[in-house]
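Remarks on the structure that follows.
The values are calculated or read from the model by the stated rules, or taken from the named source; none is laboratory data. Values in this document were obtained by computation on a predicted structure and should not be read as measured data. Reconstructed Cβ throughout: ideal geometry from the backbone, glycine too, with neighbour counts over all protein chains shown. Side chains included, ligands, DNA and RNA excluded: accessible areas come from the protein's heavy atoms. Shrake-Rupley method; radii C 1.70, N 1.55, O 1.52, S 1.80 Å.
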Amino acid sequence: MFDFKKDYKILNIDIAETRTGKAMAKLNLKSADSDNVLNAVIWQESLNNIDKSILKPGNTVRVFDGSYNTQYNNLSINDIRLVKEAKNGLDQQERTNFFNKILEEVESFQEENLKATILQFLFENADKIKTAPAATKLHHNYLGGLLQHISECIDIAKANISVIPTTINQDLVIAGCIMHDIGKIFEYSLNEETFAISKNKDFQKVWINHIQWGFCWANKNGLSELAHIIASHHGIREWNALVEPMTNEAVLVHQVDMISSRLGLIQVDQLESNNQLSRG
Ligand SMILES: [Fe+2]
Ligand SMILES: [Fe+2]
């Protein structure tokens, strides 16, 4: 059922062409109090009069004019307006805070080569690091998602190191938290207008994935222990690990990566309800 008095969330949207070459938009809408997904369409004549920037997944909208076909649960929209804009990721201040937190961690490292190499990389790639998502679909797939994921990994690792009786090189673990997925800044592209995330074709022509990129980067810079952490952070070969974790630090980074990617603030919707947690 459709109700003109209710707000609806845009689940997804596809701008397509009709057979006669006219533009049209196909949308899936859902109200907060029902699991029913409504199919809606906006034909070119109406689309021309609508602010297309509001037609984004996650946005809450209200349909002001249209016709609803009960039999097919299909809505033709003539006028649609924005009620609430979706959060597309971390805002600029949150991203700056996370980036500075990571810099502080690296600046406290004891080992000079580890510290200098990572700091140089962070400064040279700051813009990409501050916007990259951590995945296309499964977790932290939003603007600044990689920073959020790194920050969660650092916090979870420190909490664990404080109670683990085995000797652990904390700097190496933190370096692993920061660099294990860093190849994703080249592997994925985030469109900053539509917030759509795709795999970067140019990257795919040269590299297998972010793991192989990070492994090569670390070895090239004489950081072989970090290279092993990156190579093994997915844990098992079936999950694309180049090798299984063989050091205490690699075991820990694999585990904190699993925790953050499954139990962290993995969906953009969670950011608003966990606002204070997302500030790092
Ligand atoms: Fe990864
Ligand atoms: Fe990760």
Computed ³J(HN,Hα) along region 45-55: with the Karplus parameters 6.51/-1.76/1.60, θ = phi - 60°, integer Hz and x for glycine or proline, the list is 4, 7, 4, 4, 9, 9, 6, 5, 5, 7, 8
Paramagnetic label zone (point 7 Å from Cα along Cα-to-C-beta, Ala126; backbone N under 18 Å) in region 78-100: 91-100
Compute the angle between helix 112-124 and the longest alpha-carbon principal axis of the chain, please, reported from 0 to 90 degrees and rounded to the nearest 10. 20 degrees
Which of Ile178, Ile118, Ile229 ends up with the largest GNM mean-square fluctuation for the chain, with Cα atoms connected below 10 Å? Ile118
What are the residues whose amide H is under 5 Å from the amide H of Tyr142, where those residues sit 5 or more places off or on another chain and H is modelled from the backbone? Ala134, Ala135
Please name whichever of Val37, Gly21, Leu122 sits farthest to the positive end of the charge dipole of region 1-157, dipole taken about the Cα centre and charges placed at Cβ: Lys and Arg +1, Asp and Glu -1. Gly21
Report the residue, chosen from Asn49, Asn191, Asn141, that carries the largest GNM mean-square fluctuation when the chain is represented by alpha-carbon nodes joined by springs under 10 Å. Asn49
Under the Kirkwood approximation applied to all pairs of distinct alpha-carbon atoms, what is the hydrodynamic radius of the chain in Å? 20.8 Å
The chain: angle of helix 248-263 to the longest principal axis, Cα-based, in degrees nearest 10: 10 degrees
To the nearest 10 degrees, how steeply does helix 145-161 sit against the main Cα axis of the chain, on a 0 to 90 scale? 40 degrees
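Can you flag which of Lys9/Lys199; Lys101/Lys158; Lys101/Lys199; Lys115/Lys184; Lys84/Lys137; Lys5/Lys30 are past 18 Å Cα-Cα? Please report the intermediate quantities before stating the final value.
On the way: Lys9/Lys199 26 Å; Lys101/Lys158 14 Å; Lys101/Lys199 28 Å; Lys115/Lys184 21 Å; Lys84/Lys137 23 Å; Lys5/Lys30 13 Å.
Beyond 18 Å: Lys9/Lys199; Lys101/Lys199; Lys115/Lys184; Lys84/Lys137.
Once you order the gyration tensor axes a ≥ b ≥ c over the Cα atoms, which shape class does region 144-280 get: rounded for a/c under 1.5, otherwise prolate or oblate by comparing a/b with b/c?
Details: a/c = 2.06, a/b = 1.09, b/c = 1.88.
Oblate, since a/c reaches 1.5 and b/c is not below a/b.
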Choose one of Ala134, Gln267, Asn200: the residue whose Cα lies farthest towards the positive end of the charge dipole of region 92-278 (beta-carbon charges +1 Lys, Arg; -1 Asp, Glu; about the Cα centre). Asn200
List Trp207, Trp213, Trp43, ordered by accessible area with a 1.4 Å probe, largest first: Trp43, Trp207, Trp213
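Kindly provide the helix-only [θ] at 222 nm of the chain, computed as the sum of -39,500 (n - 2.57) over DSSP H runs of four or more divided by all residues, to the nearest 500 deg cm²/dmol? Working shown, then result.
Values: 13 runs with 121 residues, N = 280.
Calculated from helices alone, the mean residue ellipticity at 222 nm is -12500 deg cm²/dmol.
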How high is the relative contact order of region 92-278, given as a whole-number percent (alpha carbon pairs under 8 Å, six or more residues apart)? 21 percent
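In debye, nearest 20, what is the charge dipole magnitude of the chain about its Cα centre with +1 on Lys and Arg Cβ and -1 on Asp and Glu Cβ, if you could check? Please report the intermediate quantities before stating the final value.
Details: 28 positive and 35 negative charges, 173 e Å.
The dipole of the chain has a size of about 820 debye.
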Residue-by-residue Karplus 3J(HN,Hα) for region 23-28, coefficients 6.51, -1.76, 1.60, Hz, glycine and proline x: 6, 8, 10, 10, 10, 10
